[in-house]
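The values are calculated or read from the model by the stated rules, or taken from the named source; none is laboratory data. These numbers were taken from a predicted model, which means no experiment stands behind them. With ideal geometry, Cβ positions are generated from the backbone for all residues, glycine too; neighbour counts draw on all protein chains shown. For accessibility, only protein heavy atoms count, side chains too; no ligands or nucleic acids. Shrake-Rupley method; radii C 1.70, N 1.55, O 1.52, S 1.80 Å.
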Amino acid sequence: MDDSRPIFRQLAEQIENQIIDGSLTEGAQVPSINEYAAFHRINPATALKGITLLVDAGVLYKRRGIGMFVADGARAALIAERRTTFRDDFLRPLLAEARALGFSAEELADMIRKDTTP
Amino acid sequence: MTAFTADSLPTTARPLGRRISTIMLLQLTNPMTLIGWPLMILGFIYVLNLAIYSLISTATEGATAVGVNGGVGFIWVYTLVMAVQSVNQTFPLALGFGATRRDYLLGTGALFTLLSAGYAALIATLAMAERAVDYWGIGLRFFDSSPDFSWFELFLGTFLLLLLFASVGGATAAVYVRWKASGMYVFWAGLVVLLVAVGFLLTWTESWGAVGEFFATAGVLGTLAWSLVISAIAASAAYLILRKATPTNT
Amino acid sequence: MTPAPESLALEARGLTKRFGSLAAVDDATFTTPQNTITGLLGRNGAGKTTLMRLITGQEFPTSGTVRLFGAKPVENAAVLQHTCFISEAQRYPDEFRIKHVLAGAPRFFANWDADFAAQLVDEFRLTPKQRIKKLSRGQRSAIGVIVGLASRAPLTIFDEPYLGLDAVARQIFYDRLLADYSEHPRTVILSTHLIDEVSQLLEHALVIDQGRIVIDAPVEELRSSAATVSGTTEAVERFITGREVAHREQLGGLLSATVAAMDDADRAAARTAGLEVGPVSLQQLIVRRTGGFTTPSTTTYEEATA
């Protein structure tokens, strides 16, 4: 965890990433607040805040006395959400740098094509 | 998961007796400091005296020493040292552990009263034993400072004397704990000034005779009973000084 | 009486302690909710120790009040029994061995866990027979950490508990503190100037500088609120007008300013203005807030002390 951004957001993002890449499958139980706190060496209240963020967003759900689980449809929802912010989060900074270096749109498209065809 | 909420925290203090015994037991946690070492040193001094007295007795072909040996006085002075050290070393620790100054003082007062009584009973009993073996036939009057006294009189005299040394030690330590080295300078300077002033006053008013008379009429036990006044003043001073003391670890 | 939304462990109002003309703690007003880990952060000599001694009734306030679990702490056995104050240079009686500390302490603390204490002694590679006097600086600090953790006191205060502790031992302390706190929530105040090391353990930060409380906020809020804004001097100046600036650095025609409060809209506005918005770590933020403000309030303070 880096200290310059809210830790609870970083924790939430990490769990989201694990759901997106499939290491946490839908219906699977996620570790407890205390386990997250101990593993990341963060305050349990912070871990709780991160988890609450995901529970409120419907990504995780609680089962009283048992624990927390990944909600059905969470992966698809997360991917859909990430796709909407992809342009702002990744494309814009890339284009800004490309513009500063004088790449044309054509040259960029070429590069992308080369790196995406195996 | 046991969470402490404001509701679940006990809002009353533990019984006073428990708080006092906690303070007493903290200072007795290592029993060597207040019981083990003093007894061992006293025993060592006794054995040493026994050896010297037998040597002299052999060398002088059976002449016995007369008068009191005085070695038992070690325990009086050592009581003062113990009181100084114990207060100085355990006061900041006890406060860090959540004790109040008042409980600390009550506990320490109770501890040293009990210790004084214990040592006094031991010395009076050993004095009786010395009498029983006729001072080993070599006149070693180590514990029996007053052959005319009963066990109880010896106990009472020794107890009052130890109490005096303990309370003076406690007051001295209190001055140090509260005001550190500068307090010590003022304390000792003040004490010297006071003693000189009293001496001067007695000489000036030609009252030394009256003082001697006072001690003569009061007798040993009477004089020691008067020491209770000094003990009480010293103990109260320790209490008043430590009530406003802020412990430091330097 | 309206019930408090959350119970308070501590409540200070105008708390002040003067030593002669020096105000070691100056008009401190804050509250600490129960069952949180609060960092008391500040430079050496900022007033951290005096504040903690006021909280535990070891020091008498010059003015103002402090309430501990709802009551004044001075000479109050009912609330002081819930406290454990581990001082940075705690002295122990000369003839004490580690086992004597572990035997003397439990009578003071209702929740003392002897097994936990024994486990910690092992983890810090100590043995009960060792004489305290012969221990190194760091080993003596470890004793304080062990007593503080095993006491499970409802208010446990660690005053710079790591003096002489190496990185491994400090990590053991942080790990055990977190794990045990998760199992047995209690109010912990951790006074330190090693902010980077502990920032992730903390829920709340109380920052003291020259006796005054300068920050009293949830740590996550601090992390998300402060940001550095950099760009051309002109653009940055235009953006920071009217905002609280904790620090500014000029390099040629470029200016970088640490802005204390930046919400998402502010960040977007800064980006639109062509400025770069960067993160500020808690340590940086506190260093900047306690190393000299550029806001009017600090200027006044510096003028006053000049």
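Quick one: angle between helix A:74-86 and the longest Cα principal axis of chain A, in degrees between 0 and 90, rounded to 10, please.
Helix A:74-86 sits at roughly 40 degrees to that axis.
Which residues belonging to the stretch B:96-137 lose at least 40 Å² of 1.4 Å-probe accessible area when the assembly is complete, relative to their chain isolated?
Hits at the 40 Å² cut-off: B:Gly96, B:Phe97, B:Gly98, B:Thr100, B:Arg101.
In terms of the Cα gyration tensor, with a ≥ b ≥ c the square roots of its eigenvalues, is chain A rounded because a/c is under 1.5, prolate because a/b exceeds b/c, or oblate?
In terms of gyration-tensor shape, prolate.
Only Lys, Arg, Asp and Glu count, each charged at its Cβ (+1, +1, -1, -1), so figure out the dipole size of chain C about its Cα centre, rounded to 20 debye.
Numbers: 32 positive and 36 negative charges, 245 e Å.
Computed about the Cα centre, the dipole is about 1180 debye.
Summarise the partner chain shielding of C:98-108 as one whole number: the mean count of Cβ atoms from other chains within 10 Å of each residue's Cβ.
Neighbouring Cβ atoms belonging to other protein chains average 5 per residue here.
Considering only C-alpha atoms, what is the centroid distance from the stretch B:157-209 to the stretch C:49-115, in Å?
When both Cα centres are located, 33 Å separates them.
When the solvent-accessible surface of protein heavy atoms is calculated with a 1.4 angstrom probe, in what order do B:Met40, A:Met68 fall, highest first?
Details: B:Met40 105, A:Met68 20 Å².
The ordering from most to least exposed comes out as B:Met40, A:Met68.
Mind checking which lysines have their Cα closer than 28 Å to the Cα of C:Lys48? Skip sequence neighbours fewer than 8 apart in that chain.
B:Lys180, B:Lys244, C:Lys17, C:Lys72, C:Lys133
If a paramagnetic tag sat 7 Å from the Cα of B:Val133 along the Cα-Cβ line, which residues of the stretch B:43-67 would have the backbone N under 15 Å from that point?
In the stretch B:43-67, the label zone of B:Val133 (backbone N under 15 Å from the point 7 Å along Cα→Cβ) covers B:43-55.
Can you compute the modelled spin-label distance between B:Val66 and C:Asp264, with each label point 7 Å from Cα toward Cβ, in nm?
Placing both labels 7 Å along Cα→Cβ, they lie 10.5 nm apart.
Could you run the numbers on buried accessible area between C and B, total for both chains, 1.4 angstrom probe, in Å² to the nearest 100? Write out the running numbers ahead of the final one.
Working: alone 15420 and 14670 Å², together 26250 Å².
Summing both chains' loss of accessible area gives about 3800 Å².
Restricting to Cα pairs below 8 Å that are 6+ residues apart, what does the relative contact order work out to for chain C? Please round to a whole percent. Present the calculation step by step, with values, prior to reporting the outcome.
Numbers: 575 pairs, mean separation 56.2, N = 306.
The value is 18 percent.
Using a Gaussian network model of chain C with C-alpha springs under 10 Å, which one of C:Thr232, C:Thr65, C:Thr156 is most mobile by mean-square fluctuation?
Result for chain C, Cα springs under 10 Å: C:Thr232 fluctuates most.
What distance in nm separates the two pseudo spin-label positions at C:Thr241 and B:Ala216, each 7 Å out from Cα along the beta-carbon direction?
Those two pseudo-labels are separated by 10.1 nm.
Using a probe radius of 1.4 Å on heavy atoms only, what accessible surface per residue do you get for the stretch A:7-74? Whole Å² is fine. The partial results should precede the final answer.
Values: 3400 Å² over 68 residues.
The answer is 50 Å² per residue.
Using only Cα atoms, tell me the angle between helix C:114-123 and the longest principal axis of chain C; keep it within 0 to 90° and round to the nearest 10.
That works out to roughly 70 degrees.
Antiparallel DSSP bridges in the protein assembly as shown: what percent, to the nearest 5?
If we restrict to bridges inside the protein assembly as shown, about 70 percent are antiparallel.
Suppose each label sits 7 Å from its Cα in the direction of the beta carbon; what would the A:Ser32-A:Phe86 distance come out to in nanometres?
Reported label-point gap for A:Ser32 and A:Phe86 is 3.9 nm.
Hey, can you rank A:18-25, C:119-126 by average C-beta count inside 10 Å, highest first? If you can, show how the numbers build up before the last one.
On the way: A:18-25: 14.4, C:119-126: 16.5.
The most tightly packed comes first, giving C:119-126, A:18-25.
What helices in chain B pass both tests, a Cα length along the helix axis of 24 Å or more and a mean Kyte hydropathy of 0.5 or higher, using whole DSSP H runs? Mind dumping the intermediate values first?
Values: long enough: B:37-59 (33 Å, 1.66); B:73-96 (36 Å, 1.10); B:101-132 (46 Å, 0.72); B:151-204 (43 Å, 1.60); B:208-243 (40 Å, 1.40).
Both cut-offs are met by B:37-59, B:73-96, B:101-132, B:151-204, B:208-243.
When the accessible area of the stretch A:75-116 is split by element with a 1.4 Å probe, what percent falls to carbon and sulfur?
Details: 2160 of 3750 Å².
Accessible surface attributable to carbon and sulfur in the stretch A:75-116 totals 58 percent.
If you line up the long axis of helix A:7-20 against the longest principal axis of chain A, both from Cα atoms, how many degrees apart are they, to the nearest 10?
Tilt of helix A:7-20: around 80 degrees.
Set the Förster radius R0 to 51 Å, insert the Cβ-Cβ distance between C:Lys72 and A:Ala100 as r into 1/(1 + (r/R0)^6), and round the FRET efficiency to 0.05. Let's see the in-between values first.
Numbers: r = 63 Å, r/R0 = 1.24.
Working from the Cβ atoms, E equals 0.20.
Ignoring ligands and nucleic acids, what accessible area does C:His184 show with a 1.4 Å probe (Å², nearest 10)?
Here the accessible area works out near 50 Å².
Inside 10 Å of the C-beta atoms of C:217-223, what's the mean count of C-beta atoms belonging to other chains? Mind dumping the intermediate values first?
Working: counts 0, 3, 6, 10, 1, 1, 9.
Partner Cβ neighbours, averaged per residue: 4.
In deg cm²/dmol and to the nearest 500, what is the mean residue ellipticity at 222 nm of the protein assembly as shown if only DSSP H runs of at least 4 residues count, each as -39500 (n - 2.57), divided by the residue total? Kindly include the intermediate steps, with their values, before the conclusion.
Values: 24 runs with 359 residues, N = 674.
About -17500 deg cm²/dmol.
I'd like the mean, over residues of C:152-158, of how many other protein chain beta carbons sit within 10 Å of each residue's own Cβ. Write out the running numbers ahead of the final one.
On the way: counts 2, 3, 6, 3, 0, 1, 0.
What the average comes to for C:152-158 is 2.
Can you work out the FRET efficiency for the pair A:Thr116 and B:Arg14, with r the C-beta to C-beta distance and R0 = 51 Å, to the nearest 0.05? Before the final figure, lay out the partial values.
On the way: r = 73 Å, r/R0 = 1.43.
Working from the Cβ atoms, E equals 0.10.
Could you pull the accessible area for B:Phe165 with a 1.4 Å probe, rounded to 10 Å²?
About 50 Å², ignoring ligands and nucleic acids.
Please calculate how many Å² of accessible area the stretch C:188-287 carries per residue, with a 1.4 Å probe and no DNA, RNA or ligand atoms counted. Kindly include the intermediate steps, with their values, before the conclusion.
Numbers: 4240 Å² over 100 residues.
Ligands and nucleic acids excluded, the result is 42 Å² per residue.
How would B:Tyr135, B:Tyr185 rank on accessible area, largest to smallest, probe 1.4 Å? Don't skip to the end; give the middle numbers.
On the way: B:Tyr135 35, B:Tyr185 160 Å².
Output order, biggest surface exposure first: B:Tyr185, B:Tyr135.
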